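The structure appears right after this line, and notes come after that.
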Amino acid sequence: MSELFEKLQPHLDKAYAYRVAMTMLNWDNSTAAPKEAIDFTSKAMAILSGENYKALINDVVKGLLQQLSTDEENAKLTPYEKAIVKNMKKEFRNMELIPPEELQAFEIVLAKAYPVWEEAKNTNNYSIYAPVLEEIISYTKRFAGYKQKPGQKLYDVLLDEYEEGFTMEILDEFFCQLREALIPLVAQIRKKPDWISIDCLRKNYDIETQKKLSHFLAEYIGFDFNRGVMAESAHPFTTNLHNHDVRITNHYLENKLEDAIFSIIHEGGHALYEMDIDDAITTSPIGGGTSMGMHESQSRFYENNLGRSMEFWKPLFGKVCEFFPEELKDVTLEEFYKAINYAKPSLIRTQADELTYSFHIMIRYEIEKMIFDGDVDVKELPRIWNEKYEEYLGMTPENDAEGILQDMHWAGGSFGYFPSYALGSAIAAQLFHYMEGVMPVKKYLEEGNLVPVREFLCEHIHKYGGSKNTQELLLDTVGEAFNPKYYIEYLTEKYTKLYEL
Ligand code: ZN
């Protein structure tokens, strides 16, 4: 290790310790903590968050990063160390550009925004939320302006924060291709609403048995319970302290068996990514998955490309029947496979099927573009939202609670984040297409052997953590930059066959 980098190490370790503590508290809040704990616990979390900031953003670290960036010193670093320095410099630059008093004022706005959004959603009253949303947008615009490079568009600043190197140019093309290919496909499927029956998933599935099945499925795809735990929470999620402590949650609905099954496979995909990150960087600032989009690609890869394929269930369906012998006794593998792939346009993003999911993201993307790259009155947003749902999915929300108020992302100041969900699905399809060319993926699935697939992802994607960005990982793995073509081909082929179009 370079002598200079060694001086940086204690700062990294200190920040890591704060991150671990905050992650633990967050996990506890969502799983085990009593309902009323949050007020006082959040006070401790705010202090830890401040200390974490101070551990990394200070003059000593700044000086070290400057010295480590000189050609002579940088040449002494390992690739991982170089990536850590690069990552921290970016963080530093972003933080420094925003005056601390403005950042603090924004945090206060955000803290009050969440309960306002919640009330607006519960009472179906957008008008109480609009002024807060307007305030959040105005701060976000101002902050993006501080970071804007000459000639860069404002919304591109936000997109780049979540997915480095991705711009409106790339995303416009992506969504344009999606629209052209999928709108006619969805229209055809709408004409066959009874083609697939989902009755077999709507019986009374005992929750305790669903938990056992979830545990079994997590283990089946490779989740290591010696390095991970599974709990229950309102919304399933994955978090981790490091690669030896990865935590997933699931939720259970008695008459929606697919919910628990695909949530656990999805979170399992996130978890495998974190478990596979190289020991050398797991406690460093680049010790997590590289981006939200790449993370989502791994979860969707397991959930959809593997988990919703016929081959995946061939060796498994019999096992599922052993968990629910009564409920599934007259159900065939074919019926089960069709039911888990049922597609129908809907109003709520989180309940959308694999085919129509990206439309929900496209609508949010287009609205965010209007906000940051155009000029739109915040009061007009519900109308625009509803019109877009009518245009793309052929349905209009009855009220704003099932329309624009359904997601909390904007209330949390997350603009530019939504596209990552759709990118994740498209990246997953691109990886899947490539892997099928270099290994018999479907044969492995039929044999119940997921090891080669996992090893491939670990070797090419997972182990690098945040040391390479999404485009770099794709170029190095499949020899091509992001390309939405494979996702469109995958969906078109799958649903044409499934619905016999
Ligand atoms: Zn996810």
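The values are calculated or read from the model by the stated rules, or taken from the named source; none is laboratory data. The structure displayed is predicted, hence computed values, not measured ones. Reconstructed Cβ throughout: ideal geometry from the backbone, glycine too, with neighbour counts over all protein chains shown.
Quick notes
- For the stretch 232-267, a residue qualifies if it is small (G, A, S) and away from the ligand (no atom under 16 Å from the Cβ), but none of them does.
- Of everything in the stretch 137-190 that is touching a residue at least 40 places away in the same chain (Cβ under 8 Å) and not in a helix (DSSP H, G or I), the residue that is nearest to H409 (Cα to Cα) is E163.
- Against the list (1) in a loop (DSSP other than H, G, I, E, B); (2) crowded, with 21+ Cβ neighbours inside 10 Å, the condition S346 fails is (2).
- Taken over the stretch 287-298, the criterion of being under 8 Å from the mean Cα position of the chain (by Cα) and near the ligand (Cβ under 9 Å from one of its atoms) is satisfied by M292, H295, E296.
- Subset of the stretch 62-83 (residues that are under 12 Å from F5 (Cβ atoms), out of contact with any Ser or Thr (no Cβ under 8 Å at 6 or more places or on another chain) and not in a loop (DSSP other than H, G, I, E, B)): L64, L65, Q67, N74, K82
- Filter result for the condition that a residue is farther than 25 Å from A481 by Cα, hydroxyl-bearing (S, T, Y) and not in a loop (DSSP other than H, G, I, E, B), over S214, S197: S214
- Flag for R308 being under 17 Å from the mean Cα position of the chain (by Cα), within 16 Å of the ligand (Cβ to nearest atom) and not acidic (D, E): no
- Single residue of the stretch 1-42 satisfying the filter (part of a helix (DSSP H, G or I) and hydroxyl-bearing (S, T, Y)) that is nearest to G63 (Cα to Cα): Y16
- Of all residues in the stretch 406-422, those that are in contact (Cβ under 8 Å) with a residue 60 or more places away in the chain have Cβ atoms under 7 Å from Cβ atoms of residues that are of a type in the set (D, E), 6 or more apart or on another chain, in F415/E368; G416/E161; G416/E368; S420/E163; S420/E296; Y421/E296.
- Selection within the stretch 221-231 - within 19 Å of G465 (Cα to Cα) and either within 16 Å of the ligand (Cβ to nearest atom) or surrounded by 21 or more Cβ atoms within 10 Å (Cβ to Cβ) (or both): F223, G228
- Only one of K329, K319, K388 that is free of Cβ contacts under 8 Å to residues at least 24 places away in the same chain and either assigned by TED's automatic domain parsing to the domain that holds C200 or assigned to a loop (DSSP other than H, G, I, E, B) (or both): K329
- Each residue in the stretch 397-448 was checked for being out of contact with any helix residue (DSSP H, G or I) (no Cβ under 6 Å at 6 or more places or on another chain), at pLDDT 95 or above and of a type in the set (G, A, S), and 3 pass.
- Meets criteria (assigned by TED's automatic domain parsing to the domain that holds G416, more than 16 Å from the ligand (Cβ to nearest atom) and buried (at least 24 other Cβ atoms within 10 Å of the Cβ)) for I277: yes
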